[in-house]
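The values are calculated or read from the model by the stated rules, or taken from the named source; none is laboratory data. On a predicted model such as this, the values are computed, not experimentally measured, just so you know. Here Cβ is always computed from backbone atoms with ideal geometry, including for glycine, and neighbour counts include all displayed protein chains.
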Amino acid sequence: MANVLIVAEQFGGAVRKATLHAISAGREVARRTGGTLHLAVLGKGIGPVAEELSGYGAEVHAADAAVLEHPLAEAHAPVLVELARAVQASHVGAAATAFGKDLLPRVAALLEAGMATEVLGFGGEGAEVTFRRPMWAGNVLAEVALATPVKVFTVRATEFPAAAKEGKGAVTAAKVSVDAGALRTRYAGFKEVKSARPELTEARIVVAGGRGTKGDFKPVEALADELNAAVGASRAAVDAGWVPNDWQVGQTGKVVAPELYVAAGISGAIQHLAGMKGSKVIVAVNKDPDAPIFQLADYGLVADLFKALPELAEKLKKSR
Amino acid sequence: MPLKILVTAKRVEDPESKIKVKPDGAGIVTDGVNYKMNPFDEIAVEEALRLKERHGGEVIVASIGGEKSATEIRAALAMGADRGILVRHDGPLDPVVVSALLAKVFELEKPDLVILGKQSIDDDQNQAGQYLAARLGLGQATFASKIESLESEAEQKKEPGVKLAADGKSVAVVREVDGGVETLEVSLPAVVTTDLRLNKPRFASLPGIMKAKKKELKELAAAALGVDLAPKVVVKKLSEPPSRKGGVKVQDVEELWKKLHDEAKVV
Ligand SMILES: Cc1cc2nc3c(=O)[nH]c(=O)nc-3n(C[C@@H](O)[C@H](O)[C@H](O)COP(=O)(O)OP(=O)(O)OC[C@H]3O[C@@H](n4cnc5c(N)ncnc54)[C@H](O)[C@@H]3O)c2cc1C
Ligand SMILES: Cc1cc2nc3c(=O)[nH]c(=O)nc-3n(C[C@H](O)[C@H](O)[C@H](O)COP(=O)(O)OP(=O)(O)OC[C@H]3O[C@@H](n4cnc5c(N)ncnc54)[C@H](O)[C@@H]3O)c2cc1C
């Protein structure tokens with residue numbers, strides 16, 4: 001029992017990109033334990049998604065049932081528990097998305113397993129895998145061991161490469177013995193935040209705005225569009241209701257690591273830095289020369305964002 | 001229908017404090033560090049109080065930890081919670097153990113609703129609520145938020161974001177998930193964990209602080225609850241991440257563009 005089970009995430013008939021990073025992590029753990037990698041995907045009408053996932057060379061266990069149509073942890077968890085036992089998994093993992101963070105602890109509890117959240121990398125020797133993870137908003141790195149037969153983890157997507165396709169795995173139907181009538185949770189709707197821009201956690205460039213925008217995100221969005229970038233925000237901007245919660249970058253929001261991160265009107269609180277300090281190049285535009293963000297920005301510009309961002313967007317347009 | 005609500009108040013390092021790792025990597029430097037209630041738990045307490053104000057009932061606040069954790073319970077009582085339970089345990093904890101102990105408290109109190117924070121800002125594990133729901137066989141609604149913003153009229157009126165159904169048998173919870181917000185209905189008893197946008201927690205008033213001193217605070221010994229107290233999540237070593245050095249200040253947009261284009265080559 002040293003196999004690895006990675007739980008894939010699908011949305012609207014497609015595999016979420018974060019899953020590909022979790023597959024990389026799964027391959028690494030399987031190499032260490034000498035076990036086999038298995039993939040699980042749950043939902044309704046997920047045949048094509050399972051087929052797509054089989055291109056990563058591992059056996060895909062597809063749990064296809066009406067009761068799994070929506071991502072209810074209460075319905076998904078028992079299916080994964082049964083599957084983890086059936087494939088003799090010693091490690092069960094997923095990407096640290098909202099879906100993974102909601103579901104995996106419930107799976108862990110039912111498997112009487114310890115769990116590590118937002119894993120950045122693996123340590124230890126041979127089959128004794130330890131987990132490197134952030135604490136205190138990323139101010140501390142901890143190496144943790146899980147002292148249970150089964151070990152559960154979620155990984156931070158930005159810390160693992162997206163898996164490349166290799167080989168062809170079989171697709172098998174996973175057993176679903178969930179009584180829909182006995183569920184204590186009911187799905188009652190989803191309000192999607194639609195965006196034509198790249199996904200925040202996947203974008204090559206992120207332009208983020210904070211309280212300094214005073215609620216006017218137009219310059220931030222215009223620069224983002226010029227750069228084909230995603231838009232991010234500080235908690236202050238989200239709390240004020242200026243932008244969707246989905247845009248929050250930080251300890252308790254999304255973690256991003258783009259090639260370029262532009263922080264405009266963001267002071268640089270540690271909780272914000274926790275979500276973007278892995279970016280390759282950081283630009284800060286802030287009118288306060290003493291703003292803490294300048295202590296880590298590669299390029300700092302002391303300026304009014306309402307002047308500087310449009311100027312930069314114009315410059316980019318002209319230079320193309 | 002009156003609601004009996006159990007909320008948790010974990011003692012954590014103040015999020016404003018500077019965290020340093022001890023040279024031997026066995027812990028963090030605690031000298032000069034202030035402690036307070038986990039910010040997500042303040043949101044949980046606030047939500048419980050609003051539900052009680054709307055529907056009647058009782059708010060019980062529990063914390064697991066050493067005797068100092070009584071401070072965080074008192075802080076919740078000062079906000080308006082009715083009574084407290086301190087589960088005394090002086091060693092390392094993990095979400096496995098915490099949830100097992102909270103399950104015992106649940107069995108003793110039989111609340112209609114348990115509200116926890118989505119994560120503690122020290123360990124950032126984001127697990128305890130989900131473990132608790134699984135242990136108790138209850139439905140879970142994690143990352144509770146609301147449709148209205150924190151600047152909205154509903155928030156000013158201190159309306160609860162968690163909505164009790166007319167029949168009093170379930171709650172509707174709006175959740176922050178990837179790509180939008182989702183609504184779940186969960187049968188009571190249920191477990192809810194709070195996200196940031198659920199509410200703005202109130203400050204304790206002076207009379208509230210005075211009253212809190214007289215409220216009941218019961219102590220239970222963790223060792224007497226029949227729970228395996230050996231942590232399963234074993235922290236082997238702490239270290240500080242490589243720090244990132246600041247770069248240069250540029251004079252104007254022209255120079256910024258040149259740096260990005262010619263030096264960093266990202267645009
Ligand atoms: C130096 C150091 C060493 C440590 N060593 C170990 C170790 O060896 N083994 C180990 O297992 N752990 C260890 N811990 C961590 C342990 O103390 C954590 O508090 C524990 O893992 C709980 O996880 P969490 O608070 O991140 O849970 P989360 O799942 O993030 O918490 C979510 C919610 O659960 C509730 N909650 C959590 N804990 C409590 C509580 N005590 N009382 C009331 N409510 C609570 C709160 O509402 C919180 O918002 C160590 C910590 C430090 C700082
Ligand atoms: C439990 C907890 C969790 C948290 N989680 C997160 C998180 O995940 N993400 C997050 O971001 N925060 C988080 N925070 C909040 C964090 O501590 C800060 O409060 C927040 O990041 C501040 O946002 P800000 O930088 O936009 O606002 P401020 O700190 O108010 O900074 C605004 C900045 O804009 C500048 N400015 C104003 N006008 C202009 C202008 N015209 N042009 C240029 N600059 C201008 C000002 O000089 C200032 O530096 C959390 C806090 C807690 C307690």
Task: Only one of A:THR148, A:THR158 that is part of a loop (DSSP other than H, G, I, E, B), among the β-branched types (Val, Ile, Thr) and not assigned by TED's automatic domain parsing to the domain that holds A:GLU259 - done: A:THR148
Open item on the list: Go through (1) touching a strand residue (DSSP E or B) at 6+ places or on another chain (Cβ under 8 Å); (2) not basic (Lys, Arg); (3) not in a strand (DSSP E or B) for B:GLY32 and report which single condition fails.
Closed with: (1)
Task: Extreme residue, farthest from the chain's Cα centre (by Cα), among residues of region A:58-112 that are more than 14 Å from every other protein chain (Cβ to nearest Cβ) and polar (S, T, N, Q) - done: A:GLN88
Task: Residues being touching a Leu at 6+ places or on another chain (Cβ under 7 Å) and facing chain A (nearest Cβ under 7 Å) - total across region B:211-237 - done: 2
Task: All positions within region A:292-320 that are more than 9 Å from chain B (Cβ to nearest Cβ), surrounded by fewer than 24 Cβ atoms within 10 Å (Cβ to Cβ) and touching a Gly at 6+ places or on another chain (Cβ under 6 Å) - done: A:PRO292
TODO: Please find, among A:THR148, A:THR213, the residue that is more than 30 Å from A:GLY55 (Cα to Cα), crowded, with 21+ Cβ neighbours inside 10 Å and of a type in the set (Ser, Thr, Tyr).
DONE: A:THR213
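If only one of B:LYS232, B:LYS214, B:LYS245, B:LYS249 is surrounded by fewer than 16 Cβ atoms within 10 Å (Cβ to Cβ) and touching a strand residue (DSSP E or B) at 6+ places or on another chain (Cβ under 6 Å), which one is it?
Result of the check over B:LYS232, B:LYS214, B:LYS245, B:LYS249: B:LYS249.
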Task: Lone unmet requirement of (1) assigned to a helix (DSSP H, G or I); (2) more than 16 Å from ligand 1 (Cβ to nearest atom); (3) surrounded by fewer than 24 Cβ atoms within 10 Å (Cβ to Cβ); (4) within 9 Å of chain B (Cβ to nearest Cβ) for A:GLN271 - done: (2)
- [ ] Could you check, for region B:118-137, whether at least one of its residues is more than 10 Å from chain A (Cβ to nearest Cβ) and within 13 Å of ligand 1 (Cβ to nearest atom)?
- [x] no
TODO: Determine which single condition A:LEU227 fails, assuming it passes every other condition in (1) within 13 Å of ligand 2 (Cβ to nearest atom); (2) surrounded by fewer than 23 Cβ atoms within 10 Å (Cβ to Cβ).
DONE: (1)
- [ ] Just need a number here: residues in region B:87-117 that are more than 23 Å from A:LEU146 (Cβ to Cβ), more than 16 Å from the chain's Cα centre (by Cα), within 13 Å of ligand 1 (Cβ to nearest atom) and surrounded by 20 or more Cβ atoms within 10 Å (Cβ to Cβ).
- [x] 3
- [ ] Please find, within region A:274-291, the residue that is farthest from ligand 1 (Cβ to nearest atom) out of those that are more than 10 Å from chain B (Cβ to nearest Cβ) and within 25 Å of A:PRO310 (Cβ to Cβ).
- [x] A:LYS287
